[in-house]
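Structure, as structure tokens:
Just so it is clear, none of the values below were taken in a lab; they were calculated from the coordinates. Predicted model only: the values in this text are computed from it and were never measured. No Cβ is skipped: glycine too gets one built from the backbone with ideal geometry, and neighbour counts run over all protein chains shown.
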Amino acid sequence: MSTEELPPRESMEFDVVIVGAGPSGLAAAIRLKQLNADLSIVVVEKGSEVGAHILSGAVIDPVSLDKLIPDWREDADCPLKTQVKDDRFYWMTAGSAIRLPNFMMPPLMNNHHCYIGSLGNVCRWLAPKAEALGVEIYPGFAAAEVLYDDNGAVRGIATGDMGIARDGTPQAIPITRGMELLGKYTLFAEGARGSLTKQLIAKFSLDANSEPPKFGIGLKEVWEIDPAKHQKGLIQHSFGWPLNNSTGGGSFLYHYDDNKVAVGFVVHLNYDDPYLSPFDEFQRFKTHPSIRTVFEGGKRLAYGARAITEGGYQSVPRLSFPGGALIGCAAGFRQRAAHQGRA
């Protein structure tokens with residue numbers, strides 16, 4: 001079935017359309033409403049709920065929150081309750097963990113003013129803040145197509161059609177067309193390697209003057225551990241074993257809230273070892289003598305993995321194009337970039 005044979009889509013018009021209800025998408029919606037309460041703004045989110053696709057560790061620098069929501073520390077519902085108290089960095093070998101002095105670390109690795117928590121929960125907390133300002137948020141709807149006007153400028157997005165197979169044949173009658181969400185400006189906050197973002201970068205040659213992007217795979221688990229082993233406010237990062245010296249990556253381990261530990265492992269995806277499995281290396285990392293005791297007697301609560309941006313400033317493409325812009329990880333940004341894979 002060709003697109004010409006499909007029934008027309010319904011459409012809705014807004015001042016701003018935002019693709020992705022992650023931290024950058026929600027923060028952009030809130031800030032725009034703070035600047036102009038009369039703007040009509042919609043956020044479309046592919047996850048079943050806000051925060052469903054957010055996997056970050058995370059150690060969060062509060063500088064942006066201080067500007068966006070200055071009284072967030074007094075908000076009882078804010079999920080950021082644990083401030084960093086102890087910040088450690090290790091070089092790992094197969095049998096030992098050599099701690100590097102903090103004064104040797106660059107300023108971006110000084111985390112004592114930061115907070116530990118779930119970035120997914122932060123997004124779940126931000127969403128009602130945005131809605132209270134009048135932002136419309138539609139979870140469960142993926143942006144499937146970029147829409148352009150007659151001059152080639154972006155004029156919005158369309159959500160996916162339902163009832164159509166990959167080859168274009170109908171699977172259900174009647175077919176349910178997606179919605180067209182049209183905006184004077186469209187912000188793409190899809191995260192790393194978003195499908196629409198890649199199309200936009202290619203169409204508008206946004207990467208013509210930047211270095212090739214670099215990505216990593218970040219794997220994360222959340223554990224509930226023995227209270228006797230919990231050190232609330234402790235964060236540690238490491239590099240070295242089990243990765244070899246030619247493979248970039250490392251680990252993070254954060255103690256926060258009630259006996260919770262977020263542990264994760266990142267491998268840069270430019271590795272050339274055909275036998276390397278990031279998942280297996282992560283599991284091997286947890287057997288290290290200095291790590292395994294943390295989890296003995298504990299219970300794994302959740303786990304996941306996702307791509308993360310690793311390229312640095314030199315890989316950031318041009319951000320704006322006719323009718324829109326890239327923001328957040330879609331643009332190649334990360335919070336206080338380090339190797340542990342924050343969203």
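List of remarks:
- Full extension of the chain between Asp150 and Lys229 yields a length gain of 22.2 nm, computed as 0.36 nm times the residue separation minus the alpha carbon distance.
- Charge tally for Val135 (other residues, Cβ to Cβ under 14 Å; Lys, Arg +1; Asp, Glu -1): -2.
- Seen from all directions on average, the chain presents a Cα convex hull projection of 20.0 nm².
- Rounded to the nearest Hz, the phi-derived 3J(HN,Hα) couplings of the stretch 114-124 under the Karplus curve 6.51 cos²θ - 1.76 cosθ + 1.60 (θ = phi - 60°) are 8, 10, 9, x, 8, 5, x, 5, 5, 5, 5, where x marks glycine and proline.
- Long-range amide H partners of Lys214 with built H, under 5 Å: Glu310, Gly311
- The chain: most fluctuating residue of Asn151, Asn102, Asn245 per GNM, C-alpha cutoff 10 Å: Asn151
- Neighbour counts of C-beta atoms inside 10 Å place Cys329, Cys78 in the sequence Cys78, Cys329, starting with the fewest.
- When you count the other C-beta atoms within 10 angstrom of each residue and take the mean per peptide, 294-303, 255-264 line up highest first as 255-264, 294-303.
- Most to least packed among 207-220, 24-37 [average Cβ atoms within 10 Å]: 24-37, 207-220
- Extension gain, Ala76 back to Ser96 (0.36 nm per residue minus Cα-Cα distance, nm): 3.1 nm
- In degrees, nearest ten, helix 23-35 long axis to first principal axis of the chain (Cα): 60 degrees
- Think of each Lys and Arg Cβ as +1 and each Asp and Glu Cβ as -1; about the Cα centre, that makes the dipole of the stretch 164-296 roughly 300 debye.
- P(r) tail for the stretch 143-265: Cα pairs beyond 20 Å make up 67% of the total.
- Placing unit charges on the Cβ atoms of the charged side chains and taking the dipole of the chain about its Cα centre, the candidate lying farthest along the positive direction among Pro101, Thr197, Ala307 is Pro101.
- The stretch 1-157 pair-distance distribution - Cα-Cα, 5 Å bins, rounded %: 2, 8, 14, 16, 14, 12, 9, 9, 6, 5, 3, 2, 1, 0
- From its DSSP helices (H runs of at least four residues, each -39,500 (n - 2.57)), the chain gives a residue-normalised ellipticity at 222 nm of -5000 deg cm²/dmol.
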